[in-house]
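Accompanying notes for the structure given below.
We did not get these values from a lab; they are worked out from the coordinates using the rules stated. Source: prediction; values computed, not measured. All Cβ positions, even for glycine, are placed from backbone atoms using ideal geometry, and neighbour counts span all protein chains on display.
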Amino acid sequence: MVVEHVKQPPQTPLSTEQVSTFLKVATIGTDWVAGKLTIEQVQQQLGTLSFSRIGESTTYFYRQDGIFGAVFDIDKDKKPSVDGVSRRFKVEPVSWKSVSIPREVVEHRLGLHRVRAGELIDGVRKEALAYEARPILSTQDPDRLRLNLRLPLPDDSPFDVRATLVYRANPDEPGQSNLDNTTYLRSIEIWRDYLTPEELNERNFNKRKQYGYMNLRTGMLCPETGWWEGWAAEGQIDKQVIRQNMLFPQAGFGPNSSAPNGARFVDAQWMWHSPYHDETSQ
């Protein structure tokens with residue numbers, strides 16, 4: 001089936017003030033997905049949101065009547081063996097309104113990174129997507145451009161925050177008739193993508209190997225906050241949380257053991273164990 005190009009009816013553009021509100025809501029939605037805001041804090045900024053609940057899913061709605069709407073979805077993550085709460089946000093204008101915002105403005109305002117296939121996400125995993133997803137099949141809308149982005153997060157984050165911007169060519173406006181230069185934004189979608197247990201283990205193993213090569217010892221600066229193992233001639237004798245830029249301490253033997261000479265604390269090599277916030281699941 002070939003999708004024919006259908007001329008869209010003329011649309012009324014959002015005013016400068018309405019565009020500003022649109023971006024404000026998108027920024028709040030991005031921060032909420034990233035975990036910087038609770039849904040209660042979202043409502044403190046946007047007002048009380050209507051909502052619906054189905055099973056373990058809750059959807060909150062924000063509307064600027066006749067202008068644009070946004071949804072905040074909360075759900076149990078569907079990925080096998082992942083114990084996480086999925087957050088997904090989407091904002092889009094009503095069908096008879098248009099929003100003109102250059103992609104660079106949206107990306108800068110939301111703090112998004114343009115993905116590049118093959119780049120390392122957290123020093124271990126490789127990005128599979130390209131920034132631009134242009135229509136290449138006859139069944140796809142030839143006037144629709146999808147842009148793939150990611151919100152930069154700490155390397156030990158248990159999830160990625162992904163984003164999709166959808167633009168369309170707009171023949172009703174001069175200079176907006178093709179996908180290269182269009183600023184005709186149709187939607188912004190932001191969501192969490194949790195790492196699988198296998199991905200988390202692979203990332204942790206590579207970090208342990210990386211820090212192992214550094215031969216980190218008592219008296220040296222700790223490069224990252226986390227759980228660290230203290231190793232001496234007797235093997236692993238200690239494990240504790242050590243903060244970034246603190247000096248690695250001596251390792252303790254615990255209440256029922258000591259070094260052959262009776263020492264309770266000795267200089268040690270410190271090996272990475274796991275991120276601090278992941279310890280409860282170890």
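Tell me, rounded to the nearest percent, the portion of alpha carbon pairs in the range 199-281 spaced more than 14 Å apart.
On the way: 2089 of 3403 pairs.
Tail of the P(r) past 14 Å holds 61 percent of the pairs.
Taken one residue at a time, the phi angles of the range 187-197 give Karplus couplings (6.51, -1.76, 1.60, θ = phi - 60°) of 6, 10, 10, 10, 8, 8, 10, 6, 6, 6, x Hz. Gly and Pro are set to x.
Computed 3J(HN,Hα) for the range 260-276, one whole-Hz value per residue from the Karplus formula 6.51 cos²θ - 1.76 cosθ + 1.60 where θ = phi - 60°, is x, 8, x, 5, 8, 9, 9, 4, 9, 8, 10, 10, 4, 10, 5, x, 4, glycine and proline marked x. This model, with +1 at the C-beta of Lys and Arg and -1 at the C-beta of Asp and Glu, gives the chain a dipole about its Cα centre of some 140 debye. Amide H contacts under 5 Å for residue 187: 166, restricted to partners 5 or more places along the chain or on a different chain, H placed in the peptide plane at 1.01 Å from N. About the centre of its Cα atoms, the range 152-208 shows a dipole size close to 100 debye [charges on the beta carbon of Lys, Arg (+1) and Asp, Glu (-1) only; nearest 20 debye]. Take the Kirkwood radius over Cα pairs of the chain, plug it into Stokes-Einstein at 37 °C and 0.692 mPa s, and you get 147 µm²/s for translational diffusion. Net length available on complete extension from residue 51 to residue 38 is 3.2 nm, with 0.36 nm assigned per residue and the Cα-Cα distance removed. Beta bridges per DSSP, both residues in the range 12-195: antiparallel share near 95 percent.
What's the FRET efficiency of residue 27 with residue 250 using the Cβ-Cβ distance as r and R₀ = 45 Å, to the nearest 0.05?
Numbers: r = 47 Å, r/R0 = 1.04.
Calculated transfer efficiency: 0.45.
For trypsin sites (Lys or Arg not before Pro), the sites in the range 146-249 that DSSP calls loop and that have at most 11 other Cβ atoms within 10 Å are 243.
What stretch of the chain, leaving out the sites themselves, is the longest with no GluC sites (Glu not before Pro) in a DSSP loop having at most 15 other Cβ atoms within 10 Å?
On the way: sites that count: 4, 56, 119, 234.
By the stated rule (loop sites, at most 15 other Cβ atoms within 10 Å), 120-233.
Against the chain, whose longest principal axis is taken from its Cα atoms, helix 16-34 shows a tilt of about 30°.
Restricting to DSSP loop positions (anything but H, G, I, E, B) with no more than 16 other Cβ atoms inside 10 Å of their own Cβ, which chymotrypsin sites (Phe, Trp or Tyr not before Pro) remain in the range 23-123? Mind dumping the intermediate values first?
On the way: sites: 32, 51, 60, 61, 62, 68, 72, 89, 96; in loops: 96.
Answer by residue number: 96.
Counted by neighbouring Cβ atoms within 10 Å, the residues 143, 180 run from fewest to most as 180, 143. Spin-label model, residue 210 to residue 225: label points 7 Å out along the Cα-to-beta-carbon direction sit 1.8 nm apart.
Dipole of the range 54-190, Cα-centred, from +1 at each Lys and Arg C-beta and -1 at each Asp and Glu C-beta, to the nearest 20 debye?
On the way: 21 positive and 22 negative charges, 27 e Å.
Value, rounded to 20: 120 debye.
Multiplying the residue separation of residue 139 and residue 95 by 0.36 nm and removing their Cα-Cα distance gives an extension gain of 13.7 nm.
Of the residues 37, 74, 99, the one whose Cα sits farthest towards the positive end of the charge dipole of the range 33-125 is 99 (charges of +1 on Lys and Arg Cβ, -1 on Asp and Glu Cβ, taken about the Cα centre). Remark on residue 220: its backbone amide H falls under 5 Å from those of 248, a criterion applied only to residues 5 or more positions apart or on other chains, H modelled at 1.01 Å from N. Note on the chain: dipole from Cβ charges, positive end direction compared against 49, 124, 271; the farthest Cα belongs to 49. Residues whose amide H lies under 5 Å from that of residue 86, counting only those 5 or more places away or on a different chain, are 75, 76, 77; hydrogens are built 1.01 Å from N in the peptide plane. Please give me the summed charge of the neighbours of residue 68: other residues whose Cβ is under 9 Å from its Cβ, Lys and Arg +1, Asp and Glu -1. With Lys, Arg at +1 and Asp, Glu at -1, the neighbours total +1. Each label was represented as a point 7 Å from its Cα along the Cα-to-Cβ direction; for residue 267 and residue 12 these points are 7.7 nm apart. Couplings 3J(HN,Hα) of the range 99-112, computed from phi: 10, 10, 9, x, 4, 4, 5, 5, 4, 5, 5, 8, x, 8 Hz, in residue order, whole Hz [Karplus 6.51 cos²θ - 1.76 cosθ + 1.60, θ = phi - 60°; x for Gly and Pro]. Just so you know, the Rg over Rh for the range 12-68 is 1.01, from Cα atoms, with Rh as the Kirkwood radius.
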